[in-house]
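Working notes, beginning with the structure itself.
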Amino acid sequence: MKESSASANTRRPEGAPSFLLTLAPLAAALAWPAMVSAQALPDMNAPGPPEDAALSAESSNPVVRSIDIKFRGQATVDRERILSNMRLKVGEPYTKEKEEDDLRALYNTGDLLDVQITAAPVSGGVKITVVAEARAGLGEIEFTGNTVFNSERLQLEISLKTGQSIDDTKLAKAKQDILDVYKSKGYPDVTVDYAVTRGSTPGFSRAVFTINEGGRGIIRDVIFEGGTSFSHGKLAGEIKSDNRNWLKFWDLKRRVDRTKIEADMKSIEQFYQNAGYLDARVLGVEPRRVDEDKVDLVFRINEGPVYTVSGVGVVGNRLYQTDQLIPVFQLEAGQRFSLADMKIDLETIALWGAAWILGRYGDTLLQRYKLESLPESPSALIDEIGRRRGALRAGGVIDRHKASEALIRDFRSGTLGRITLQAPPSKR
């Protein structure tokens, strides 16, 4: 049976589905700009962003018409100081958030023991009332028990001053300042206590520091406990706390000096490390009292094991062969390890590198270390790097080890730029 013409007209020709599928992406692509344009048009009836909503809400809040500061007790804090720490301002909208922020800020100043903020409606806005209880102001500072230093000298040594608000942090800092000045002058047993009492002026307090100076810390002798590998004289020669001058009889009164003791601890540890005792540590130093004036200064030492160099090797060397480098190193296989020798070897490597860079990359050195002109020798370059980097010892002497480390570190990190090591440096 033949199909009707109507049926024939509605039949899809062969290939029609694939043709329609091919057009589908094109239709979607053509529709995409229209959809984007439609989405880009703002909805005038939609709510604005949160910021606009917040501004709108704040503008509807009552306006601060006045701020009144009241004190419970003496007003030892300036009114302007309180206002300067508040977000609430006359003429600006009031919000609960600002009030809470102001409470936190005022407590954090440390000037107030208690503070309350209230907002009362008035014509045209609100009136803010701040009720504060200020910490007692410091009216007087008193020292008792001090004979070595007069009160005027101690007052200069502490940061606590009259007129300030008083709290435990400031008092504890002043106590430590007093302890430090006594101990620096050879009074290791000094103790300091403090108390706060009512001052002679209403609303102000008096801080009283009670000092027990203890005996003077004149060093009678120095003892090295645990230091069995070296003689007493050898170790004593490494410290400054025992540097008496026998030509001056008054120099026999050597006082305990904490600054010297800290330096002495480092000197003894370095002495041991240079002798192969890498783990050696000074565990502590104790002024052990002998009588009212004299103490024995006791260094407690843990020597640890002695280390021996099992072998010396070089990796990453390009300019020189290993058999060229090993003979010039201070460290040798079979000998005790020495930290000082290792530092010398590091400086030697830095000098070789400095010679290579100085001869081929002068512009790089000028730019990196901001030099006005190139140094005349590798050694002078190391010194100049030390000056530029602040690698200085006491008296302004260049610390060549630190300067050498700086040059090697800059090279290895690439800070100096692209530097190739292809051939030995030419002789200068």
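The values are calculated or read from the model by the stated rules, or taken from the named source; none is laboratory data. Quick caveat: nothing in here was measured; it's all calculated off a predicted structure. Quick reminder, even Gly has a Cβ in these numbers, built from the backbone with ideal geometry, and neighbours come from all protein chains shown.
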- [ ] Looking for whichever is of a type outside the set (D, E, K, R), in contact (Cβ under 8 Å) with a residue 40 or more places away in the chain, closer than 19 Å to Lys260 by Cβ and surrounded by 13 or more Cβ atoms within 10 Å (Cβ to Cβ) here; the options are Phe224, Phe204. Which one fits?
- [x] Phe224
Open item on the list: Which pairs turn up if I take residues in the range 268-284 that are touching a residue at least 12 places away in the same chain (Cβ under 8 Å) and look for partners that are part of a strand (DSSP E or B) and polar (S, T, N, Q) with beta carbon separation below 6 Å, at least 6 apart in sequence or on another chain?
Closed with: Arg281/Asn302; Leu283/Asn302
Open item on the list: Can you list residue pairs whose Cβ atoms sit under 8 Å apart, with the first residue in the range 142-160 being farther than 15 Å from Lys170 by Cβ and in contact (Cβ under 8 Å) with a residue 12 or more places away in the chain and the second being charged (D, E, K, R) and in a strand (DSSP E or B)? Count only pairs 6 or more apart in sequence or on different chains.
Closed with: Glu142/Arg206
TODO: Kindly indicate the residue of the range 167-201 that is closer than 26 Å to Lys260 by Cα and aromatic (Phe, Trp, Tyr) and also modelled with the lowest pLDDT among those meeting that condition.
DONE: Tyr187
Task: Failed item, numbered, when Leu156 is tested on (1) modelled with pLDDT of 85 or more; (2) part of a loop (DSSP other than H, G, I, E, B); (3) not polar (S, T, N, Q) - done: (2)
- [ ] Six or more apart or on different chains, Cβ under 6 Å: which pairs go from a residue in the range 353-368 that's closer than 14 Å to Leu319 by Cα to one that's buried (at least 19 other Cβ atoms within 10 Å of the Cβ) and not β-branched (Val, Ile, Thr)? Could you list them?
- [x] Ala354/Pro378; Ala354/Leu381; Ala355/Pro378
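Considering each of Gly316, Gly276, Gly311, Gly334 in turn, give the residue that is more than 20 Å from Ile223 (Cβ to Cβ), in the same structural domain as Leu235 (by TED's automatic domain parsing) and part of a loop (DSSP other than H, G, I, E, B). It would help to see each step written out before you state the result.
On the way: Gly316 fails: in the same structural domain as Leu235 (by TED's automatic domain parsing); Gly311 fails: in the same structural domain as Leu235 (by TED's automatic domain parsing); Gly334 fails: in the same structural domain as Leu235 (by TED's automatic domain parsing).
Going through Gly316, Gly276, Gly311, Gly334 in turn, the sole match is Gly276.
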TODO: For the range 177-206, enumerate the residues that are within 30 Å of Asp291 (Cβ to Cβ) and not in a loop (DSSP other than H, G, I, E, B).
DONE: Asp177, Ile178, Leu179, Asp180, Val181, Tyr182, Lys183, Thr191, Val192, Asp193, Tyr194
TODO: Run Ala174 past the list (1) outside any helix (DSSP H, G or I); (2) touching a residue at least 24 places away in the same chain (Cβ under 8 Å); (3) under 21 Å from Thr201 (Cβ atoms) and report the number of the one that doesn't hold.
DONE: (1)
